[in-house]
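Visitor: First, the structure itself, so that you have it in front of you.
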Amino acid sequence: MIDDQTILPGDAPGGAVAGSGGAVAGDAARKSALAGDWIVLAGDSAASRAVGAELIARWAEPHRRYHTLDHLAAVLDAAAHLAGEADDLAAVRLAAWFHDAVYDGRPGWDEERSAQLAQSRLPRCGVPAARIAEVARLVRLTAAHDTLADGDANGAVLCDADLAVLGGPGYEAYAAAIRQEYAHVPGELFRKGRAEVLRRLLATPRLYRTARARELWEEPARANMTAELAILQGPAPAR
């Protein structure tokens, strides 16, 4: 979960906002592309297609602002950039599909429910039991990236892919989307909580566990977070 308990554990996400016609068309294209990705990954059986449709519907829920279809696609794309670092890339990609499939704004609980969903749905797709267990483990891992153990190649790829947005050109949009998901949190409380998360991340010696991710995203991620922290620590915006 990329916001890493971004503000206040237990807070629910905000309400829906209507989109434009262009956004609807883009959303349809995104869903189609993801459906194709799922079939390649999980098979073309009727059961697999049904699971894929359910997951896409979950990721498209109207209360989401950051944990959306775009986030899912971005994590899958980032994992592809790190493919050579994983022991079981298929397990990593399946875990990416499930890692925020349940999203009610309840850190820890969301990941547990998402892992349980993977354990329930993946047998229908013919995924071997050992891989299902690995997918569930990886999904649970995203609740707290700092619990990643040394030598956990699959976990490193998934966590790095989940954090790739920190080093991407869309960082400002990501930060704005996080604020929208916590629109119910008062401004000053949000600023303090978000700043604490950023300070904690910036204090870590390495944001990313894989060499390839560090090469791609470490430097821009630190620059992006430092810039956001400076804004949060500056004068509060006028009401």
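The values are calculated or read from the model by the stated rules, or taken from the named source; none is laboratory data. Remember, predicted model here, so these are calculated numbers, not experimental data. Neighbour counts run over all protein chains shown; Cβ positions are idealised from the backbone, glycine included.
Residue-wise test of (1) on the phi < 0 side of the Ramachandran plot; (2) touching a Lys or Arg at 6+ places or on another chain (Cβ under 6 Å); (3) among the charged types (D, E, K, R).
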site	(1), (2), (3)
Asn154	yes, no, no
Val157	yes, no, no
Val165	yes, no, no
Tyr174	yes, no, no
Gln180	yes, yes, no
His184	yes, no, no
Glu188	yes, no, yes
Ala195	yes, no, no
Arg199	yes, no, yes
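Visitor: Test Arg209 against the stated conditions and say whether it is touching an Asp or Glu at 6+ places or on another chain (Cβ under 9 Å), part of a helix (DSSP H, G or I) and either modelled with pLDDT under 95 or of a type in the set (D, E, K, R) (or both).
Guide: no
Visitor: Which ones in the stretch 167-192 are touching a residue at least 60 places away in the same chain (Cβ under 8 Å), crowded, with 18+ Cβ neighbours inside 10 Å and assigned to a helix (DSSP H, G or I)?
Guide: Tyr174, Ala177, Ile178, Glu181, Phe190
Residue-by-condition table, conditions (1) in contact (Cβ under 8 Å) with a residue 24 or more places away in the chain; (2) part of a loop (DSSP other than H, G, I, E, B); (3) aliphatic (A, V, I, L, M); (4) surrounded by fewer than 23 Cβ atoms within 10 Å (Cβ to Cβ):
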| position | (1), (2), (3), (4) |
| --- | --- |
| Gly105 | yes, yes, no, yes |
| Ser114 | yes, no, no, no |
| Ser120 | no, no, no, yes |
| Arg137 | no, no, no, yes |
| Leu158 | yes, no, yes, no |
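Visitor: Suppose the filter is surrounded by 10 or more Cβ atoms within 10 Å (Cβ to Cβ), at pLDDT 95 or above, within 21 Å of Gly126 (Cβ to Cβ) and out of contact with any Gly (no Cβ under 8 Å at 6 or more places or on another chain); does Ala53 pass it?
Guide: Answer is yes for this residue.
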